[in-house]
Amino acid sequence: MSRVVYIGIIIILILAVVASFLAFQSPPPVATPTGTQTPPATTPTISPTPAATPQVVKVGFLGPVTTTYGTIALNSIRLAVEEINNAGGVLGRRIEIVVFDDQNRPDLAVTGFRKLVEEDKVVAVFGVHSSAVGLALLPLIKEAKVPVFAMGAVADAIDVQVAMNESLKYWFRFNVNASMHALMVTEPAKYIAQKSGFTKVGLLYDQHAWTEAVVKRAKEELAKAGLQIVYEGTIDPGKTTSFVPMLSKARDAGVQILLVWTAYGDGKVLQRDYYSMKPPFVLIQFDVVGMGTLQWDVTGGSLPYQIFAWYFFAKTPEAQKFSKAYEERYEPLRYFYPPYFMYDAVYAWKSAVEKAGTFSGDAVADALYKYGYSGVSGYWKFTAGHSPLFGPGYITTVAVQWTEKGDVKIVWPPNLAEGDVSLPPWMK
Amino acid sequence: MIDIIFYSIAIGTAYALMSSGFNLLLGVGRVVNLAYGAFMALTAYVYSSLSAYAPPALAAIGAIALMCAIGTFGWSLLRVLRKDEMLMIVVTLAVALFIEGGLLYAYGPYQRVVPPLVSGAVWIIPLQWIAAVATGVAVITLYHIIVSHTRIGKAMIATAENPELALMLGIQVDRILYFTSFLSSLFATTAAIMISPMLTVTPHIAWLFLTAVLAVSILGGIGNVIGSIAAGYILSFAETFSAYYVDPHVKAFIPVMLVILILVFRPRGLFGKQEERWA
């Protein structure tokens, strides 16, 4: 074997490692691929009724339209708009949606926001998934004075800026902020610990900016509840190929409940490995990508006894009506970030416009902050940072547990629970 | 701890198998096939897709049969490349990128959980891990039986030692090389189906497979099948125990670190001999 081949192999080895690192750069959190990325473009949506109607008001959608959650968000907005248009529109005007695919890129989002506001003259913008996008848009929102209804962008830093700056009152997040994402998992964990007499917990989370506030808050909450953290591990977002070492270490540390926050698709690997290894602890996880019944198919049924914090899964008549309408218009709703929230956002905007009697951003923002809105997800009442209040009577998330048959039951909060938590049989 | 040890053995067996296939083709066919990792990734995706319509065992047999056929006849391309080593590297790398691009187009860049061949567990050891070890041991044993006790195996050794002389002795070298390509493909496809349910696959996993193959090959000694087996276990244990005791993120650096160490202290690998040819 000549020296050329040896050198070639070594060069390729180094290139392969570098390429694998670059190629594995964290993709945006998604459930499943929904098609190829499209170049950013604005796409006017044709109203279902005759286009000759002269009185039209435009709203924008700025988000990653080719992802699963982006598609579902847009579908939910379209559904609400169609219903409103069929009922006579808002202040006598029909709504038209203009779409801009920001691909979760702040640079594209800034371009898109300017386009929507300056060229398309939209009176409200829906979407905005990424915190980086949300932070990049804040100066533009202040200038444009157009209400923005974000589906994600959960960074607490946005709340702080909005709370401290009156000129950012146009920003509303129709989702709980990062700190509340801690409670989505710690609250059911505390509830289970209390009921089962557990005292030792472990934390496993994405090594990413979005979890910084989450973990800080989670540690405070767990300490207050007297729960001892005996294991803490991090996930390389979008790159983890096996959780065997982490699960093994958590088990050896004596963990009784493992709390997980993940948003980049690694959850399915964790769920597969947990069910395969069956370590003797309860797994409670916030997994954006796994937030729906689709996850059963994705993991090949590796979910029994696992507990998930879901944004919304209430079986109220209003929620079921929306779910049925969505199914009739598109397909069965099997992924829950963020259809209910975005559907509510459109109606919340309509409600605020009607209360204000104008499409003016100032008046609409003031009306929404003052009155809030009661929708299919609950009561949207906003904090000073324009994040929704979290808890009974407001926006409440749920914890669901998968059964061996592939069903889910709500196990937390107690007022919505459909049954008690079933401890995995391998814990006994 | 016992599950970590067994997991390392299962992954190590897969590493040993995949590297043995690579080194077999290198030792007998004199081909550095840099598309090997992509070929494994493609096998994992074919198996995953077939398992949506058939039981896992049937899907595995179908995937192995299909990919072995492609791998065997792929020798028609590889044999041409043997004449120019640089061309071999460039073309096989291009094939790898082509496969990766195709998988990205067809399946997207997202992680995919591959169904296990067998479900359930014995005590705390998942059956998939046990199946991986058993299958790997069976395939390697079969290979040694072929090499040690059959005419075709002896012909492979002769071809590896001196193809021109083997041809003069009446050995149909071309057929032997096609058979070697088939065996190499069998190793790669079996390893892919064993290891992919224990990891997660993306189109980019091709490079992780190739990295492991090259690291194990260099560690064990280029072209040395016995060395590959030993090095496969060394790499697997090093990766898993570093993830357990140090940090899971360290795991990615282990193959490169081992390669650097072996190239500094024993460039020919743990089991390699200078100018050795081994079938």
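The values are calculated or read from the model by the stated rules, or taken from the named source; none is laboratory data. This one's a predicted model, so the numbers in the text were calculated from it and none came from an experiment. Positions of Cβ are generated from backbone atoms using ideal geometry, with glycine treated the same way; all protein chains shown enter the neighbour counts.
What to note about this one:
- Here B:VAL133 does not qualify as touching a residue at least 24 places away in the same chain (Cβ under 8 Å) and in contact with a Gly (Cβ under 8 Å, 6 or more places away or on another chain).
- Residue, farthest from the chain's Cα centre (by Cα), within the range A:137-158, restricted to residues that are surrounded by fewer than 23 Cβ atoms within 10 Å (Cβ to Cβ) and not aliphatic (A, V, I, L, M): A:GLU143
- Note on the range B:111-133: among residues that are β-branched (Val, Ile, Thr) and over 14 Å from A:TYR274 (Cα atoms), the one that is surrounded by the most Cβ atoms within 10 Å (Cβ to Cβ) is B:VAL114.
- Test result for A:ALA41, of a type in the set (Gly, Ala, Ser), modelled with pLDDT of 50 or more and on the phi < 0 side of the Ramachandran plot: no
- Tally, over the range A:370-395, of residues that are in contact (Cβ under 8 Å) with a residue 40 or more places away in the chain, within 17 Å of the chain's Cα centre (by Cα) and not in a strand (DSSP E or B): 4
- Every listed requirement among (1) at pLDDT 95 or above; (2) small (Gly, Ala, Ser); (3) part of a loop (DSSP other than H, G, I, E, B); (4) more than 14 Å from A:PHE149 (Cα to Cα) is met by A:ALA363 save one, (3).
- Scan of the range A:343-360 for residues that are part of a helix (DSSP H, G or I) and hydroxyl-bearing (Ser, Thr, Tyr), ordered by number: A:TYR343, A:TYR347, A:SER351
- Candidates B:GLY223, B:GLY232: the one that is of a type outside the set (D, E, K, R), modelled with pLDDT under 85 and either in contact with a Gly (Cβ under 6 Å, 6 or more places away or on another chain) or not in a helix (DSSP H, G or I) (or both) is B:GLY223.
- Within the range A:199-214, being modelled with pLDDT under 95 and more than 14 Å from chain B (Cβ to nearest Cβ) holds for A:ALA209, A:TRP210, A:THR211, A:GLU212, A:ALA213, A:VAL214.
- Of everything in the range B:197-220 that is over 12 Å from the mean Cα position of the chain (by Cα) and among the hydroxyl-bearing types (Ser, Thr, Tyr), the residue that is surrounded by the most Cβ atoms within 10 Å (Cβ to Cβ) is B:THR202.
- Within the range B:115-147, the set of residues being among the polar types (S, T, N, Q) and within 14 Å of chain A (Cβ to nearest Cβ) comprises B:SER119, B:GLN128.
- Matching residues, the range A:251-273, being within 14 Å of A:TYR231 (Cβ to Cβ) and free of Cβ contacts under 8 Å to residues at least 40 places away in the same chain: A:ARG251, A:ASP252
- Against the conditions (1) more than 12 Å from every other protein chain (Cβ to nearest Cβ); (2) within 29 Å of B:ALA69 (Cα to Cα), B:LEU235 satisfies every one except (2).
- Exactly one residue out of B:LEU42, B:LEU77 is under 14 Å from the mean Cα position of the chain (by Cα) and away from chain A (no Cβ under 11 Å), and it is B:LEU42.
- Entry remark, the range A:108-134: residues being surrounded by fewer than 24 Cβ atoms within 10 Å (Cβ to Cβ) and at pLDDT below 95 number 3 in total.
- Residues that are part of a helix (DSSP H, G or I), more than 14 Å from chain A (Cβ to nearest Cβ) and charged (D, E, K, R) do not occur anywhere in the range B:2-9.
- Residues of the range A:131-177 that are under 21 Å from A:PHE359 (Cα atoms), in a helix (DSSP H, G or I) and in contact with a Ser or Thr (Cβ under 7 Å, 6 or more places away or on another chain): A:LYS142 alone.
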